[in-house]
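Structure record follows, encoded as structure tokens.
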Amino acid sequence: MNIKVVRGNPTPEELAAALAVVRARAAAATTTPPGAPRQRDAWSDPSRIATARLPIPGPSAWTRTFWPG
């Protein structure tokens, strides 16, 4: 991992503090085992938008796919 200071002149203590934060975040992100299933976010769950029944198939079924009723 390469870290580059783009602007400013940080002290060694400031660099050490910033690096400690970055390493802590990276360690927290990798705490789950590689084979463990991930918990899905609620916003990406398709069942939240498909709460109503699907339209009955037929010639005009495509017109009822967005508006309920």
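The values are calculated or read from the model by the stated rules, or taken from the named source; none is laboratory data. For clarity, every value in this text was computed on a predicted model and none was experimentally measured. Quick note on the areas: whole protein, heavy atoms, side chains included, nothing else; ligands and nucleic acids left out. Shrake-Rupley method; radii C 1.70, N 1.55, O 1.52, S 1.80 Å.
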The condition from (1) modelled with pLDDT of 70 or more; (2) at negative phi; (3) more than 30 Å from the chain's Cα centre (by Cα) that Asp45 misses is numbered (3)
Going through (1) open to solvent by less than 100 Å² (accessible area, probe 1.4 Å); (2) among the β-branched types (Val, Ile, Thr); (3) modelled with pLDDT of 75 or more one by one, Val6 fails only at (1)
